[in-house]
Amino acid sequence: KKEVGQKLVLIVSCVNMWLPMIKSVVLRPRPYMEYPDRVKPLALSDESAAAMDVAAQGYSFPSMHSASVPAAYFALAKEAKKKWLWILAVVMTLLVGVSRVVAGMHYPTDVLAGWILGLAVVGVFMLLDRYVHKEWLYDLILLISALPGLFYVRTTDYFTALGCLIGAMAAFYFERKYVNFENTQKIPAMILRVAGSLLIYLVVNTLLKLPFDKEFLAGTSLAAFFVRTARYAIIMFLILGVYPKVFPLFERIGRKE
């Protein structure tokens, strides 16, 4: 359902926004950064950046992947109330957590903290759903919770998530007032919706980078981070707010006139 998808976007955005705020207080290096002679990373948070680039790769504690997966899957299982989704949530949480340790990206304690915090975020949203019934206040609380990070976080993950959150909130208001798309049960339409979203991301992300120097975008200045936030806000607004306007066209595919 559309409403469930929108809630998951907010939850995952907040996980990826709140955890870097914790990371930037703890400042724990990743295992391969701390022990380069003993640990070789099998994967990087940002494959386009250098492995030792902390601004791009982020800190180790807590594990954001290990938090995002249980936050998303357990929230989905809660909404869908399907037993198989609860099982999938547990399996995916364990697999992703273990994989982050094996990949040399995290210590076991990073993963454990990620699991706990991911579930805690779901709990926070349950409380908001129960006690905050005005959408503007709901969104304002989430935005205010992000403000402290502006003063001390200097990693790309935080500013990316902040942009996603701002763009998603604006998109949901716009979509509800001017678009109001309906859910679909048609597989071809689902595939086209997802494929179109990926295409928009690739094209718009590329276009929005063109006015700026590559070194500036890869830098750690506050201006570069704000540009990143604005870029992702625009992308999310287009994908979640404007793009659904064409969804009715996808419903016509295969329909006999």
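Read-outs throughout are calculated quantities, based only on the coordinates presented, and are distinct from any laboratory measurement. Keep in mind that what you see is a predicted model, and the values were worked out from it rather than measured. A quick note on method: Cβ atoms are made from the backbone with ideal geometry, for glycine too, and the neighbour counts reach across all protein chains shown.
Quick notes on this one:
- Working note: Karplus 6.51/-1.76/1.60 with θ = phi - 60° gives the range 196-201 the couplings x, 4, 5, 5, 4, 4 Hz, where Gly and Pro are set to x.
- Principal-axis tilt of helix 135-146 within the chain, Cα atoms, nearest 10 degrees: 20
- Of the residues Lys23, Lys40, Lys81, the one that moves most in a GNM of the chain with alpha-carbon contacts below 10 Å is Lys81.
- Cα→Cβ-extended label distance, 7 Å offset, between Ala49 and Asn205, nm: 1.4
- Scalar couplings 3J(HN,Hα) for the range 210-227, obtained by applying the Karplus form with A = 6.51, B = -1.76, C = 1.60 to θ = phi - 60°, are 4, x, 10, 5, 4, 5, 5, 5, 8, x, 10, 6, 5, 4, 5, 5, 5, 5 Hz; x denotes Gly and Pro.
- Segments 90-103, 187-200, 233-246, 161-174 sorted - mean Cβ within 10 Å per residue, highest first: 161-174, 233-246, 90-103, 187-200
- For the range 8-98, the equivalent ellipsoid derived from the Cα gyration tensor has semi-axes of 28, 15, 10 Å, listed largest first.
- C-alpha center-to-center spacing [the range 108-180, the range 184-257] in angstrom: 20
- Contact order, relative form, for the chain: 23 percent (alpha carbon pairs under 8 Å, 6 or more residues apart, mean separation divided by residue count).
- Net length gained if the chain between Trp86 and Phe226 were fully extended (0.36 nm per residue, minus Cα distance): 46.6 nm
- Anisotropy class of the range 114-253 from Cα gyration tensor, a/c 1.5 cut: oblate
- Positive end of the dipole of the range 2-251 (Cβ unit charges, origin at the Cα centre): among Ile187, Met33, Val9, the Cα lying farthest that way belongs to Ile187.
- Lys, Arg +1 and Asp, Glu -1 on Cβ, resulting dipole of the range 2-251 about Cα centre, debye, nearest 20: 460
- Taking the C-alpha atoms only, the angle from helix 83-102 to the longest principal axis of the chain is near 30 degrees.
- Packing-based exposure ordering (other Cβ within 10 Å, fewest first) of Thr229, Thr184: Thr184, Thr229
- Each of Glu182 and Val194 was given a label point 7 Å from its Cα along the Cα-to-Cβ line. The distance between the two points is 2.3 nm.
- Note on the chain: helix-only mean residue ellipticity at 222 nm, from DSSP H runs of 4+ residues weighted -39500 (n - 2.57) and normalised by residue number, equals -22000 deg cm²/dmol.
- If R0 equals 25 Å, the separation of the Cβ atoms of Arg154 and Thr109 corresponds to a calculated FRET efficiency of about 0.60.
- Which label in (i) 7, 33, 38, 19, 3, 0; (ii) 7, 30, 37, 19, 6, 2, 0; (iii) 7, 27, 35, 24, 7, 1, 0 gives the computed P(r) over Cα pairs in 10 Å bins from 0, in percent: (iii)
- Net charge over other residues, Cβ less than 14 angstrom from the Cβ of Val203 (K, R count +1; D, E count -1): +2
- Counting only alpha carbon atoms, the long axis of helix 156-174 and the longest principal axis of the chain meet at about 10°.
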